[in-house]
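The values are calculated or read from the model by the stated rules, or taken from the named source; none is laboratory data. Nothing here was measured: the structure is a model prediction, and the numbers come from that model. So basically every Cβ, Gly included, is an ideal-geometry build from the backbone, and we count neighbours across all protein chains shown.
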Amino acid sequence: MVETISAETLQDMRDADEEFVLIDTRSPEAFDDRHVAGAENVEYSGDRDELVGEFDPDRLDADETVVTICATGRSAEMFSEWLEAEGHAHDVKTVEGGMEAWRTVSADIAVTDD
């Protein structure tokens, strides 16, 4: 079952140097504009509940912790459920409130340079 965590918990995990893969499911344009430093971008459509971007599940170790984030939490939660249902990851967490919540707890926001 996918665990929902707060943006504060994500910050605590980063502060404690916990090992996890952070995946941002927003569009590449939104990701480039602003994202949590260290996040990887895998676009997932919350409207169509489908993978839009490229993603190789074999690069994940099934024992790794995966944390997903999006703008508000919707597509990240759906992607988390997909990862778990397909057996690609077993310890999956999603950030409640997504980037909107993250902005309230951390100034650690990166941009992608062209």
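Residues are listed down the side, and each one gets a yes or a no for (1) assigned to a helix (DSSP H, G or I); (2) touching a His at 6+ places or on another chain (Cβ under 9 Å); (3) surrounded by 18 or more Cβ atoms within 10 Å (Cβ to Cβ):
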| site | (1), (2), (3) |
| --- | --- |
| VAL67 | no, no, yes |
| THR72 | no, no, no |
| ALA76 | yes, no, yes |
| PHE79 | yes, no, yes |
| TRP82 | yes, yes, yes |
Original post:
Is there a residue in segment 43-58 that is in a strand (DSSP E or B) and at pLDDT 90 or above?
Top reply: yes
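Taking segment 1-20 on its own, how many of its residues are among the charged types (D, E, K, R) and in a helix (DSSP H, G or I)?
Matching residues across segment 1-20 total 4.
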**OP:** Look at GLU29 and say whether it is part of a helix (DSSP H, G or I) and touching a residue at least 24 places away in the same chain (Cβ under 8 Å).
**Re:** no
Original post:
Could you list, in sequence order, the residues of segment 1-59 that are out of contact with any strand residue (DSSP E or B) (no Cβ under 8 Å at 6 or more places or on another chain), aliphatic (A, V, I, L, M) and exposed (fewer than 15 other Cβ atoms within 10 Å of the Cβ)?
Top reply: MET1, ALA16
**OP:** Any chance you could count how many residues in segment 60-113 are over 18 Å from ARG26 (Cα atoms) and either within 12 Å of the chain's Cα centre (by Cα) or not hydroxyl-bearing (Ser, Thr, Tyr) (or both)?
**Re:** 16
